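Participant: Shown below is the structure under consideration.
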Amino acid sequence: MQTEKVINYIISLLNDYCEQAGMNGFVVGVSGGIDSAVTSSLCAKTGKSVIVLNMHIYQNAAHVDLAQQHIAWLENQFPHVISKTLDLTGSFQLLEKTLPSDIQDELTMANTRSRLRMLTLYAFAGHHKMLVAGTGNKVEDFGVGFFTKYGDGGVDISPIADLMKSEVYEVGRHLGVIDGIMKAKPTDGLWDDSRSDEDQIGASYDELEWAMRFEEASGDENALPDRQKEVLGIYRSFNRANRHKMDPIPVAEIPAEFR
């Protein structure tokens, strides 16, 4: 990958889209992970105003600290970046008290956390006339659908959604993202424990990238080693289950003769 050309292309796309939309800049949720670090850095390099939000809900202290370290680095590099740290735990607890207990399974409430963050991002974006920049990469957004519908999937523009996870790391190295984030184990931060993305999916991002490329190439799976067959099965299972997130929302188009 021609990393510098890719970076400049994304920055130009962000600038053009923001100007065409008549907006003032970007709002980005920063989690302490590589995807949000790269996205916020690319937005900052446009020269437009950027608000970065560190929003925690029962958050692992290490993730909050990494996010703050990245924010401090951003603000030092780019004077047009401002930040807000918001503890949304109290707001989430009100939802826990309000929603019926019999629907509060682990996954439902993890997705509710993500949607609360989305609501917060858009509160800032709407007030300041800005765009919400998404932080999903290609494997997450178009491979396994590892995001919350109308949560972290609720965005205005997706700067890194055509980059594989390994390419996001490559861009991060080129941009100078701090070592703590470069070395951190990927996690969505939506659980009370410290489970990683790999713990949840059952495969690493390197393995999922291989599976995505294998599917795109229509390879012959019969001769694959057992682990690759297992990873391919994991990839296909997530992709099939999460197609509703990746495909356009179906529209009930009424036949002309019914009108």
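The values are calculated or read from the model by the stated rules, or taken from the named source; none is laboratory data. Fair warning: this is a prediction, and the values are worked out from it, not measured in the lab. Note that we place each Cβ from the backbone using ideal geometry, even for glycine, and neighbour counts take in every protein chain shown.
Participant: Name the pairs: first residue in region 173-186 and buried (at least 16 other Cβ atoms within 10 Å of the Cβ), second residue outside any helix (DSSP H, G or I) and hydroxyl-bearing (Ser, Thr, Tyr), Cβ to Cβ under 8 Å, at least 6 apart or on different chains?
Facilitator: Filtered contacts from region 173-186: Pro186/Ser196.
Participant: Return the residues of region 52-87 that are acidic (Asp, Glu), in contact (Cβ under 8 Å) with a residue 12 or more places away in the chain and farther than 9 Å from Gly32 by Cα; say none if nothing qualifies.
Facilitator: Across region 52-87, the qualifying residue is only Asp87.
Participant: For the subset of region 91-111 comprising residues that are loosely packed, with under 14 Cβ neighbours inside 10 Å and closer than 18 Å to Asn60 by Cβ, which member is nearest to the chain's Cα centre (by Cα)?
Facilitator: That would be Glu106.
Participant: Scan region 63-88 for residues that are assigned to a helix (DSSP H, G or I) and either of a type in the set (A, V, I, L, M) or surrounded by 15 or more Cβ atoms within 10 Å (Cβ to Cβ) (or both) and report the count.
Facilitator: So the answer is 12.
Participant: Is it the case that Asp206 is surrounded by 12 or more Cβ atoms within 10 Å (Cβ to Cβ), modelled with pLDDT under 95 and of a type outside the set (S, T, N, Q)?
Facilitator: Considered against the rule, which asks whether it is surrounded by 12 or more Cβ atoms within 10 Å (Cβ to Cβ), modelled with pLDDT under 95 and of a type outside the set (S, T, N, Q), Asp206 comes out as yes.
Participant: Sort through Glu215, Glu230, Glu170 and tell me the only one that's of a type outside the set (Ser, Thr, Tyr), over 16 Å from the mean Cα position of the chain (by Cα) and closer than 30 Å to Leu66 by Cα.
Facilitator: Step by step, each of Glu215, Glu230, Glu170 is checked, and only Glu170 is of a type outside the set (Ser, Thr, Tyr), over 16 Å from the mean Cα position of the chain (by Cα) and closer than 30 Å to Leu66 by Cα.
Participant: Residue check, Lys84 against (1) more than 18 Å from the chain's Cα centre (by Cα); (2) more than 19 Å from Val52 (Cβ to Cβ), all met but one. Which one?
Facilitator: Failed condition: (2).
Participant: Hey, can you tell me all the residues within region 19-30 that are closer than 28 Å to Leu66 by Cα and either in contact with a Lys or Arg (Cβ under 9 Å, 6 or more places away or on another chain) or without any contact (Cβ under 8 Å) to a residue 24 or more places away in the chain (or both)?
Facilitator: Correct list: Asn24, Gly25, Phe26, Gly29.
Participant: Ala241 versus (1) hydrophobic (A, V, I, L, M, F, W, C); (2) over 23 Å from the mean Cα position of the chain (by Cα); (3) exposed (fewer than 14 other Cβ atoms within 10 Å of the Cβ): which is the lone unmet condition?
Facilitator: (2)
Participant: Looking only at region 136-179, count every residue that is part of a loop (DSSP other than H, G, I, E, B), of a type in the set (A, V, I, L, M, F, W, C) and closer than 18 Å to Ala203 by Cα and tell me the total.
Facilitator: Of the residues in that region, 3 qualify.
Participant: For Tyr122, are the conditions met, namely being hydroxyl-bearing (Ser, Thr, Tyr), part of a helix (DSSP H, G or I) and out of contact with any Phe, Trp or Tyr (no Cβ under 7 Å at 6 or more places or on another chain)?
Facilitator: So Tyr122 passes the test.
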